[in-house]
Amino acid sequence: MVIWLNGAFGAGKTTVAHELNHRLHNSFVYDPENAGDFIRQNTNGLFSDGDFQDIPLWREINYKILRMIAEKYNGVVIVPMTLVNPMYYNEIIGKLITDGIEVKHYILYAKKDVIKHRLKKRSFQLAGNEDFALSAIDRCIDFFDNHVQEIKIDTDNMTVDAVVEKIAGLSGLHLSPY
């Protein structure tokens, strides 16, 4: 099973992913950003600007790796990644579903002011990406409101543990105690 945690930057995807991984037996976190970093580091500056999701190879690599893992790994793969372009969504998540891979796609949803507050609290971790994260909020909210039908989990007033428990329950997974 692949659990894809989508949401705006600041919605809590990475935090929830690592806590979910910690509480699940036989799971791991797969980070699609690593493929973007690899492409950028190994193409002599050809893709140094912009969003690496715009690189077709990034989408293809992540789709193929996730498909391979899902076919060979008998556990849960947790993917914390903002994905808000409908075409890109179809090229990765849509193709995995079409291939018969069980994908649970959850949107960690939060209001704009909550996202801004969370981003400001962790701005030291963004390492120069504050403007990108802030500028993407409206695009993310629009996608989650108008283009995708998966389950939205409103994280505005939820603890990380409550979000993890909700995802596990919706996915039919048993969490280990702390």
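Mind counting the residues in segment 40-85 that are under 24 Å from ALA133 (Cα atoms) and not hydroxyl-bearing (Ser, Thr, Tyr)?
26
Is there any pair with a first residue in segment 29-57 that is assigned to a loop (DSSP other than H, G, I, E, B) and a second that is among the small types (Gly, Ala, Ser) whose Cβ atoms are under 8 Å apart and which are 6 or more apart or on different chains, and what are they?
ILE55/GLY36
In this structure, does ILE153 turn out to be under 14 Å from the mean Cα position of the chain (by Cα), surrounded by 19 or more Cβ atoms within 10 Å (Cβ to Cβ), within 16 Å of VAL2 (Cα to Cα) and at pLDDT 95 or above?
It is false that ILE153 is under 14 Å from the mean Cα position of the chain (by Cα), surrounded by 19 or more Cβ atoms within 10 Å (Cβ to Cβ), within 16 Å of VAL2 (Cα to Cα) and at pLDDT 95 or above.
Select from segment 76-91 the residues that are farther than 12 Å from TYR30 by Cα and in contact (Cβ under 8 Å) with a residue 60 or more places away in the chain and write down the one among them that is surrounded by the fewest Cβ atoms within 10 Å (Cβ to Cβ).
PRO86
Listed here are the residues, each with its yes/no results for (1) at pLDDT 95 or above; (2) of a type in the set (Lys, Arg).
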{"site": "GLY10", "(1), (2)": "no, no"}
{"site": "ARG23", "(1), (2)": "yes, yes"}
{"site": "GLN41", "(1), (2)": "no, no"}
{"site": "SER48", "(1), (2)": "no, no"}
{"site": "TYR73", "(1), (2)": "yes, no"}
{"site": "THR82", "(1), (2)": "no, no"}
{"site": "LEU96", "(1), (2)": "yes, no"}
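Restricting the search to segment 130-142, which residues are surrounded by 16 or more Cβ atoms within 10 Å (Cβ to Cβ), in a helix (DSSP H, G or I) and either among the small types (Gly, Ala, Ser) or under 14 Å from the mean Cα position of the chain (by Cα) (or both)?
Those that are surrounded by 16 or more Cβ atoms within 10 Å (Cβ to Cβ), in a helix (DSSP H, G or I) and either among the small types (Gly, Ala, Ser) or under 14 Å from the mean Cα position of the chain (by Cα) (or both): ALA133, CYS140.
Take ILE65 and decide whether it is of a type outside the set (S, T, N, Q), at pLDDT 95 or above and assigned to a helix (DSSP H, G or I).
Spelling it out, ILE65 is indeed of a type outside the set (S, T, N, Q), at pLDDT 95 or above and assigned to a helix (DSSP H, G or I).
The values are calculated or read from the model by the stated rules, or taken from the named source; none is laboratory data. Just so we're clear, the structure is a prediction, and the values are computed from it rather than from any experiment. In this analysis, Cβ positions are derived from the backbone assuming ideal geometry, glycine residues included, and neighbour counts consider all displayed protein chains.
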